[in-house]
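Shown next, in structure tokens, is the structure this report addresses.
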Amino acid sequence: MTAPFTILQPKRIRFGRGEARAAIPEIAAMGRRILLVHGRDGSRAEWLVQALKSEGAAVHAYGCAGEPTLPMLKEALIDARGSDCVVSLGGGAAIDLGKAVAALLPASGTPLDYLEVVGRGQRLDAGPLPFVAIPTTAGTGAEVTKNAVIDVPEHRRKVSLRDDRMIADLAIIDPALTVHCPRGVTLASGLDAITQVIEPYLCTRANRYTDALCRAAIPKGLAALRRLMEGEDARARDEMAWASLSGGLALANSGLGAVHGLAGVIGGMTCAAHGAVCGALLPHVLRANGAVVADTSRFDEVARWIGAVFGSVGGLERWMHEAGLPRLSAQGLHARDHHVVAEAAAVSSSMKANPAPLNAADLVAVLAAAG
């Protein structure tokens, strides 16, 4: 008997080259006073600013210079006053910041009233503003998820603002926007995308919808990432964008596992890039889970997909570090902090769907192997 499941996704998804420009009239119709959240380089968003203005919208741009922090979120909320729509153009950081602003601007409380773990975790008391997500990297899948990850430096933790209503009204995945993405970003974000189709496929909440997405995306995403590390490839960019979208949809409708349970804690402690942390952890978490899970059939399947491209899980590990991915120690995680990270990760929300019961000692072993 099939276990019941629900499907949560944006009201509308546009996928394909040229879709970002084609969607300008649709975006402009969603609000007349638009806050445009972009990445570090504002010049890369100028085409969108001018295109929206040509449709009669008033556009105010706000730069997200790094992964969003609580002080940055508070500043953006002040800057966004008067906006009636939020558009994010950039990587996962810009999308998460825009998503959080859209959610919190109509709310009556402060960010800490709604943030999980370090805050009160209350439900939003008002619906978010219309929100449009346009990723320029292929990795996080944040354009189709219901949460925004915020770094709270005071607590050295990355935590989520989460609500089903935070799903974007419009998600535009235009692979052309990822062309010539820097090599290091392509590698880290690509490994994030791969992790986000593998973990939902292996987790305890997998269902028919997420299985269909992940089975198609895992082998194609692996092959595309390898090709992109060899040189620019339009078809590989398209496949990587699809893998990233599939991962976002899959994790939003099933769950994740120990990679993300650990990565969330590590990111808050070190400020390392999320995708790079996930990539460094993935082979070791696969081995740890595979060694103790009762039914290894899905792990065997994932191992075959990885083996077809990299020879083995060990081959993937060697390849990604040879391609330039730093180990956890080089990303700022000290061995003395392994126990603290493991204990915090063991009770994280991502661990709830992990396919095997890993305890803090198991997680310390993973961190040592990935260090």
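All of (1) in contact with a Cys (Cβ under 7 Å, 6 or more places away or on another chain); (2) of a type in the set (A, V, I, L, M); (3) within 30 Å of Ile194 (Cβ to Cβ); (4) surrounded by fewer than 24 Cβ atoms within 10 Å (Cβ to Cβ) hold for Val117 with one exception: (1). Would you check if Gly98 is touching a residue at least 60 places away in the same chain (Cβ under 8 Å), out of contact with any Lys or Arg (no Cβ under 7 Å at 6 or more places or on another chain) and closer than 26 Å to Ala272 by Cβ? Yes: the conditions hold for Gly98. For Thr210, indicate whether it is buried (at least 19 other Cβ atoms within 10 Å of the Cβ), of a type in the set (Val, Ile, Thr), out of contact with any Ser or Thr (no Cβ under 6 Å at 6 or more places or on another chain) and farther than 24 Å from Val341 by Cβ. In short, no. Would it be correct to say that Arg205 is crowded, with 23+ Cβ neighbours inside 10 Å, of a type in the set (Lys, Arg) and either within 30 Å of Leu358 (Cβ to Cβ) or at pLDDT 95 or above (or both)? No.
Determine which single condition Ala176 fails, assuming it passes every other condition in (1) over 20 Å from Leu73 (Cβ atoms); (2) in contact with a Pro (Cβ under 9 Å, 6 or more places away or on another chain); (3) surrounded by fewer than 20 Cβ atoms within 10 Å (Cβ to Cβ). Against the list (1) over 20 Å from Leu73 (Cβ atoms); (2) in contact with a Pro (Cβ under 9 Å, 6 or more places away or on another chain); (3) surrounded by fewer than 20 Cβ atoms within 10 Å (Cβ to Cβ), Ala176 comes up short only on (2).
Name the residues in segment 328-343 that are touching a helix residue (DSSP H, G or I) at 6+ places or on another chain (Cβ under 6 Å) and either at positive phi or outside any helix (DSSP H, G or I) (or both), would you? Of everything in segment 328-343, those that are touching a helix residue (DSSP H, G or I) at 6+ places or on another chain (Cβ under 6 Å) and either at positive phi or outside any helix (DSSP H, G or I) (or both) turn out to be Gly332, Leu333. When Leu249, Leu256 are screened for being part of a helix (DSSP H, G or I) and buried (at least 24 other Cβ atoms within 10 Å of the Cβ), only Leu249 passes.
Checked against (1) crowded, with 22+ Cβ neighbours inside 10 Å; (2) touching a Gly at 6+ places or on another chain (Cβ under 7 Å), Pro130 passes all but condition (1). Restricting segment 268-287 to residues that are within 13 Å of the chain's Cα centre (by Cα), in a helix (DSSP H, G or I) and of a type in the set (Gly, Ala, Ser) leaves a set whose member that is farthest from Thr137 (Cα to Cα) is Gly279.
Among the residues of segment 1-35, those that are free of Cβ contacts under 8 Å to residues at least 12 places away in the same chain and within 26 Å of Ala212 (Cβ to Cβ) comprise Met1, Pro4.
When only residues in segment 224-238 that are in a helix (DSSP H, G or I) and either free of Cβ contacts under 8 Å to residues at least 60 places away in the same chain or farther than 18 Å from His180 by Cα (or both) count, which is most open to solvent (accessible area, probe 1.4 Å)? Per the stated criteria, the residue is Arg235.
In the condition set (1) under 19 Å from Arg235 (Cβ atoms); (2) assigned to a helix (DSSP H, G or I), Asp192 is compliant with all but (1).
Filtered by the rule that a residue be farther than 10 Å from Ile266 by Cα, aliphatic (A, V, I, L, M), part of a helix (DSSP H, G or I) and open to solvent by less than 30 Å² (accessible area, probe 1.4 Å), segment 345-363 gives Met351, Ala353, Leu363.
In segment 304-315, of all residues being without any contact (Cβ under 8 Å) to a residue 60 or more places away in the chain, closer than 18 Å to Ala370 by Cβ and not β-branched (Val, Ile, Thr), the one that is most open to solvent (accessible area, probe 1.4 Å) corresponds to Ser312.
Here His180 clears all of (1) touching a helix residue (DSSP H, G or I) at 6+ places or on another chain (Cβ under 9 Å); (2) part of a loop (DSSP other than H, G, I, E, B); (3) not acidic (Asp, Glu) except the condition numbered (1).
Residues in segment 297-310 include none that are in a loop (DSSP other than H, G, I, E, B) and either closer than 30 Å to Ala171 by Cβ or touching a helix residue (DSSP H, G or I) at 6+ places or on another chain (Cβ under 9 Å) (or both). The set of residues in segment 138-157 that are more than 20 Å from Thr210 (Cα to Cα) and either assigned to a helix (DSSP H, G or I) or open to solvent by 30 Å² or more (accessible area, probe 1.4 Å) (or both) comprises Val149, Pro153, Glu154, His155, Arg156, Arg157.
The values are calculated or read from the model by the stated rules, or taken from the named source; none is laboratory data. A quick note: this is a predicted structure, and the numbers were derived from the prediction, not measured. Cβ sites come from the backbone with ideal geometry, for glycine too, and all protein chains shown count toward neighbours. We work out accessible area using only protein heavy atoms, side chains counted, and drop any ligands, DNA or RNA first. Shrake-Rupley method; radii C 1.70, N 1.55, O 1.52, S 1.80 Å.
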